[in-house]
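The values are calculated or read from the model by the stated rules, or taken from the named source; none is laboratory data. All of these numbers come straight from a predicted model, not from anything done at the bench. Neighbour counts are summed over all protein chains in view; Cβ atoms, including those assigned to glycine, are modelled from backbone coordinates with ideal geometry. Just the protein is used for accessible areas: all its heavy atoms, side chains included, with ligands, DNA and RNA removed. Shrake-Rupley method; radii C 1.70, N 1.55, O 1.52, S 1.80 Å.
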Amino acid sequence: MPAGLRAVRLVATLAALAVGGAFALAGGDDTAAWIWTAGALVQLVPLVRATVRSVVRRQPDVDVIALLAIVGALLAGEPLAAVVVAVMLATGEALEDWAAGRAERSLTALLSHAPDRTQRRVGGVLEDVAVADVRLGDRLVVVSGEVVPVDGVVLDRAVLDESTLTGEAVPVVRDAGQPVLSGVTNIGPPAELRATATAADSTYAGIVRLVSRARSTKPPMVRLADRWAAWFVPLTLFVAGGAWAWSGDPVRALAVLVVATPCPLLLATPIAMVSGISRSARSGVIVKDGRGLEALARVRTVCVDKTGTLTAGHPEVVDVTLFGEVSEADVRRLAAAVEQLSAHPFAAAMVAAAGSAALPVPTQVEEVAGEGVRGRVEGRAVAVGTRAFVSGNGPSVGPADPVGTGVPGDTVAWVGVEGQVVAAMRLRDPVRPEARRTVERLDRAGVTRTVLVTGDSLDVATGVADAVGITRVHAGCTPAGKVARVAAEQATQPTAMVGDGVNDAPSLAVADVGIAMGARGATASSEAADLVITADRIDALAEVHHIARDTISIARISAVGGMALSGVAMVVAAAGLLTPVAGAVLQEGIDVLAIAHALRALGPLRRRRGTHPSHLCRPTTTGGRFDDTPSTVPAPTPPLCRPAATGGRFDDTP
């Protein structure tokens, strides 16, 4: 029902009550009765429509009680009671609209944040264009205070407020070459960026679509409220009929109907759910619908992917050791040339290691899962992968272990040219510094099993699990294997799956709750998930789990508490201690209390973030397809970030 019509009905019923009261005080009882009756009819007409719809759907709700209360009051010659009930209903609707509007404020702000115009640099001229017309590669200028319209790469330097996506108000500095996501605000001097996505494919557009879906979906607690109303309605009619039969006074039955109208159940639960969804959005998590929030509150097992979830997902080449006559610059360029056509997670890091120079286009490219990728570059056979794969199982140059400093568990990619190993490239992907705190918070919140489910080797998975405090590990899982592991966990208790890659999408879809790390843009995992973490931090998982449990608890307390108070009032009314008018006023107070308690779901969440600066956490390992080699100079690392072993597609070396 449009809020405008509800406001009109509230004004009309209040006016009828006041004007009728004035006539009654002046001795015009008949006129007052007609005015009060008219005011009651203003609310009675929509009630009849709502009741007919509920009967047709075979889903009776408390509208039936409200309808009987108003009709009964008019038939019993109590027009004042009828108009008071009408005012009570109209006031309840207005309170519901206000509360829902407050609860959705964060979501509404998120939707209205998207820009529709931007400035594009063409030569030395700036032109104002629609964001929808931005093309890949366009140079855009974002002035101070404006929102970044599309995903891009910073060309110089930018100072950004990323709180819209992450919930963190601390300014972030992005230097030249670093990615920037749409939806963040430039709070520094004018910044230039090169568009890497169109408006429709950018991060913020995907988030807006998720929010729109969240706002349009009816939360399951509301459907649960409807089911509770199915037994509350006959209970009310039984008490009302019993009071009438016992006392012989139909006014007592009317008073019972009045105090049971409307049931706070149908006001409190949707408000609490929308409040929880709004609160999650402020914490950097988009909840697509209430099903996910309610299911997350029940979760006792959390399955977690590794790369991009527990680790930062930003591997980089940290060292290159040469074994032949090929220069380091050529090694980086040749390796990047074949890797640029690979879909492996580390391929982008190796391409980035080549710098900004144009890469030659390889031919005869072949990628062998778990081994490596090879092709011809400028007439030479180039391979990147395991030592055996790179050398073709023939003689090779170089020691068994690559030379170079690093931390134990660094990932090593061997590079071969014409069948001979010419270099070892060391890569590193750090464990997120907040990952261990997140696991500990989940344990304290009632999650009894946290399981690492990854496609990497057991050495890699075990090392990362040790670093973050996870004791259950399933390694070497294919996408189908992840689905099987999640299904096995679901057989014992409600299970959530957390991941970020396309290969995680099937397991996210099959889990009771799928949670996607979506800070790097809309992916298949974001589409399959029930919740999307837009903040690039894993501790948002612990926050939204806390919010879910808090929201469901508040919704149930509000609903059950309101119903219990209504039940007590029904008993008092049945005993003849409440008149219909007094009962209506009392019920209005119960509704206000239920709504006020439901709004507690909006309350601020105390974030228990540690004070450990990121530099205290030495980078740990990555994993995937490359070798694990020990460091010749082991570096001390804090307990929160113990280095892990790697392996995967490439060899594990001692």
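Values for this structure:
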read-out	value
Residues in the stretch 453-475 reached by a label modelled at T492 [backbone nitrogen below 12 Å; 7 Å Cα→Cβ]	472-473
Chain lengthening between Q364 and D201 when straightened (0.36 nm per residue, less Cα-Cα)	55.5 nm
Largest to smallest accessible area among F23, F389 [probe 1.4 Å]	F23, F389
Gained length - A381 relative to D319, 0.36 nm times residue gap less alpha-carbon distance	20.0 nm
Theoretical gain in end-to-end length, D175 to V571 [0.36 nm per residue, Cα-Cα removed]	135.6 nm
Scaled radius of gyration (Cα, divided by 2.2 N^0.38 Å) that the stretch 453-583 gives	1.61
Protein accessible area in the stretch 282-360, 1.4 Å probe - carbon and sulfur %	51
Neighbourhood charge, 11 Å Cβ-Cβ cut-off, centred on V473 and excluding it, Lys, Arg +1 and Asp, Glu -1	0
Whole-percent carbon and sulfur share, accessible surface of the stretch 408-496, 1.4 Å	53
Rounded FRET efficiency, nearest 0.05, which uses the C-beta distance separating A26 from L136 and R0 of 60 Å	0.20
Per residue solvent-accessible surface (Å²) - the stretch 9-77, probe of 1.4 Å	54
